Amino acid sequence: MAGGWVYIMTNKPNGTLYIGVTSDMARRAWEHREGVVDGFTRRYGLKCLVYIEAHDSIEAAIRREKTMKLWPRQWKLRTITAANPDWRDLFETLNA
């Protein structure tokens, strides 16, 4: 899909959360899972993709990411649970 994605990675249900944005969701999720990029997600072992949201443009995705990062933690948890009640790893659904 052209455009952009907002996504949330975690290490376990209700664990540490990371909100990111990308134009290539499958590649970016793989990078997090494999720990190939140094930083927050590697340091905290955030390998589980629990939320994804598609946008028509990367600019729209960036705006949404910035908004979501300002949300209280409870809003983020509710958003994940509403879309993915079992907190399944969505990585396998990316190439399906």
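Nothing in this text is a laboratory measurement; each read-out follows from the coordinates by a stated rule. Quantities reported herein were computed from a predicted structural model and do not represent experimental measurements. With ideal geometry, Cβ positions are generated from the backbone for all residues, glycine too; neighbour counts draw on all protein chains shown.
Scanning the stretch 64-88 for residues that are loosely packed, with under 15 Cβ neighbours inside 10 Å, free of Cβ contacts under 8 Å to residues at least 24 places away in the same chain and either in a helix (DSSP H, G or I) or on the phi > 0 side of the Ramachandran plot (or both) returns Lys66, Thr67, Leu70, Gln74, Trp75, Arg78, Ala82. Here Val50 meets each of (1) aliphatic (A, V, I, L, M); (2) assigned to a helix (DSSP H, G or I); (3) surrounded by 12 or more Cβ atoms within 10 Å (Cβ to Cβ); (4) free of Cβ contacts under 8 Å to residues at least 60 places away in the same chain with one exception, condition (2).
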